[in-house]
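Let me begin by presenting the structure, written as structure tokens, before commenting on it.
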Amino acid sequence: MQNAKDTFYVSLRDRLSAVNPARTMVLRGVTRPGVLVEENELASAYQPVDAFCLRWTGSRVDMRGALPLVAMHCEIRYGSDGNAGNGGMDRGRLLAAMDAELVAAVGAAPQSAAKMSYAGATPVALGTRVFWGDVAFGAATVNGERLERVATVEVFCYQEAGEL
Amino acid sequence: MSGSGLVGAVAPVTRRVRAYFAPVDRVVGVPAVFDPAQMGTFALDTPPAPWVDLGWCSAFARKSLTEVGALRTGAPAVAQSQIRTEVEATVSLEFESWGKLQIALTAGSQQMNLLVTANGAAANGSGGAAAAPIPLIAGSTATSLTVGAAAASQFSVGDLVVVDVDYAGQVGFVGSGVSAAYVSSATTVGNDVNYVRRVSLNVGRVVAIADGSLQLGGALLAGVPATGMQVSRLAGFVDREGGGFFQEWSGLFVMDGEQGDRMLYFYPRLQAMQGAAESLEALAGPLERVKLAGVFRALPVKDANDGETVLCFRSYLPGAMRAV
């Protein structure tokens, strides 16, 4: 399952970066595309703004086929305070822009990617593909001066023989 | 992945169905042929000729109505063997887009163009007498209609147009590119010079006008206009419940699997088996999306490999390195 999670993250990161190369963040002193996986970073109460934060929540396994079919629930959290120069009055527009970027990245064909193992120094292609559904948007919530949203995507993969 | 490099053959997972159209030559009764061995892996956005993209469809359902009976002998009767007593199949679907082709295929009968009427034309349910058509001059292509500067000024960007021959007493199937209707006699169509253009599927949208030519947004189904064809403007399309014509087409439906596999369903001959119908999909509040709903009966062809009479072909192209 970890390979599928990594594959989805890398696919989404690359697609989001292609849609809006200007959306970057500085994390631990490094400038990188504005998307991260929460469980891969230092535990922190801080959630970056104007960036996408992936959180893996539930999963289930269907054992009926030739290979176990795994369905994983991915939450994508993001928010914006708006630009200070605009007094934050553009926070709705900035959140809508992030909505659109997410739609473009998740919905672009193909909604699948060859499953990769990133465990070693060099990524290794596995035998199946990771695939996912359309993005579903939760309601925008107001948190102080910040406008936030949680979107969800169902990600699917086959657990290959010998894969942990 | 096993030590052999093979991956288990899982059931295909797919998300939607892409539909394609090809005309059937009604005059000689020859449908289009799709060879999955040669063409099966085509890119969905660029189908091989003569197939035309109909876009995505939903609620795709195939139904086999073939009946198998038992041959019994003895007393008491014991089934000794089986026979097919009836071979029949249907396919139903909902088109996600409303184009001329999709409307025509689901209309159940001939589907007509609402030709812009002549001044003072009497009102009629499928459109009144049409305005005079504009002749094409040399140099037209499948995407560019050369009419001359003076005639071009009568058109505007955004106009819908139909391009086809004049009706001159033809009897039988009419319509360029696709047989669009059947004329039993000249009197039934009132000897209307515009009748072929009224039913033709050879339509397009003007997206630019320059140098006496109308640039179309897509290629005409019939390709480069033939000598004698004329162009008429139209307001839209109309179909009717009733009518004596059955539109027939070759259908191809493709489901791409998420593991690189592909299912293809090729129906050489399909005819609508219901009148024009829609299905409504609730969006929110009073809003509903209206989809074209079609149900088609498959008609037979003979497979050249063994002479068997068949209605449809289902092909499966497994993903790379999948066990079979």
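The values are calculated or read from the model by the stated rules, or taken from the named source; none is laboratory data. Just so it is clear, the structure is predicted and the values come from calculations on it, not from any experiment. Don't worry about glycine lacking a Cβ; one is built from the backbone with ideal geometry, like all the others, and counts go over all protein chains shown. Heads up: the accessible areas ignore ligands, DNA and RNA and are worked out on the full protein's heavy atoms, side chains in. Shrake-Rupley method; radii C 1.70, N 1.55, O 1.52, S 1.80 Å.
Things worth noting here:
- Karplus-based coupling profile of the range B:251-261, in residue order and whole Hz: x, 10, 10, 10, 10, 8, x, 6, 9, x, 8, with θ = phi - 60° in 6.51 cos²θ - 1.76 cosθ + 1.60 and x standing for Gly or Pro.
- Computed over chain A with a Gaussian network model linking Cα atoms closer than 10 Å, the most mobile of A:102, A:94, A:16 is A:94.
- The simple spin-label model puts a point 7 Å past each Cα toward its Cβ; for residue B:316 and residue A:97 those points are separated by 4.9 nm.
- Listed residues A:17, B:200, B:140 arranged by accessible area, highest first, probe 1.4 Å: A:17, B:140, B:200
- If both residues of a DSSP beta bridge must be in chain A, then about 90% of such bridges are antiparallel.
- Each residue was assigned an accessible area with a 1.4 Å probe, and for residue B:312 the value is about 40 Å².
- Hz values of 3J(HN,Hα) by residue in the range B:32-39 - Karplus curve (6.51, -1.76, 1.60), Gly and Pro given as x: 6, 10, 10, 9, x, 5, 9, 10
- A Gaussian network model of chain B, with springs between Cα atoms under 10 Å, assigns the largest mean-square fluctuation among B:156, B:232, B:250 to B:156.
- Accessible surface, 1.4 Å probe, highest first, among residues B:224, B:196: B:224, B:196
- In order along the range B:128-136, the Karplus-derived 3J(HN,Hα) couplings, from 6.51 cos²θ - 1.76 cosθ + 1.60 at θ = phi - 60°, round to x, 3, 7, 5, 4, x, 9, x, 7 Hz, and Gly and Pro are given as x.
- Extension gain, residue B:70 to residue B:131, is 15.7 nm, computed as 0.36 nm per intervening residue step minus the present C-alpha separation.
- Per-residue [θ]222 nm for chain A (sum of -39500 (n - 2.57) over DSSP H runs n ≥ 4, rounded to 500): -7000 deg cm²/dmol
- Top of B:120, B:275, B:139 by mean-square fluctuation, Gaussian network on chain B, Cα under 10 Å: B:120
- For the range B:1-39, residues shielded by at least 50 square angstrom of accessible area compared with the chain on its own, probe 1.4 Å: B:1, B:10, B:15
- Of the solvent-accessible surface of the range B:110-242, computed with a 1.4 Å probe and all protein chains present, 54% belongs to carbon and sulfur.
- Contour minus Cα-Cα distance for residue A:143 and residue A:161 (0.36 nm per residue): 2.0 nm
- Heavy-atom accessible area per residue - the range B:173-324, 1.4 Å, Å²: 46 Å²
- Shielded by partner chains, the range A:119-164 residues - at least 30 Å² of accessible area, 1.4 Å probe, vs chain alone: A:127, A:129, A:131, A:158, A:161
- Within the accessible area of the range B:19-82 (1.4 Å probe), percent carbon and sulfur: 56 percent
- Mean residue ellipticity (222 nm) of chain B, computed from DSSP H runs ≥ 4 via -39,500 (n - 2.57), nearest 500: -1000 deg cm²/dmol
- Overall form of the protein assembly as shown per C-alpha gyration tensor (a/c, 1.5; a/b vs b/c): oblate
- Buried surface for the B/A pair, taken as the accessible area of each chain alone minus that of the pair with a 1.4 Å probe, is close to 1100 Å² in total.
- Rounded accessible area of residue B:266 (nearest 10 Å², 1.4 Å probe): 20 Å²
- Area accessible to solvent at residue A:118, 1.4 Å probe radius, in Å²: 80 Å²
- Using the 1.4 Å probe convention, the accessible area of the range A:1-130 works out to 51 Å² per residue with neighbouring protein chains retained.
- The residues of the range B:66-143 present an accessible area of 52 Å² per residue when probed at 1.4 Å with all protein chains retained.
- Per-residue accessible area (protein heavy atoms, 1.4 Å probe) orders A:63, A:72, B:39, B:321 as A:63, B:321, B:39, A:72, starting from the largest.
- The fraction of accessible area contributed by carbon and sulfur in chain A is 56 percent, rounded to a whole number (1.4 Å probe; ligands and nucleic acids excluded).
- Residues of type lysines that residue B:302 reaches as a straight line, Cα spacing below 28 Å, ignoring anything fewer than 8 places off in the same chain: B:63
- FRET E, pair residue B:118, residue B:171, Förster distance 35 Å, beta-carbon r, rounded to 0.05: 0.85
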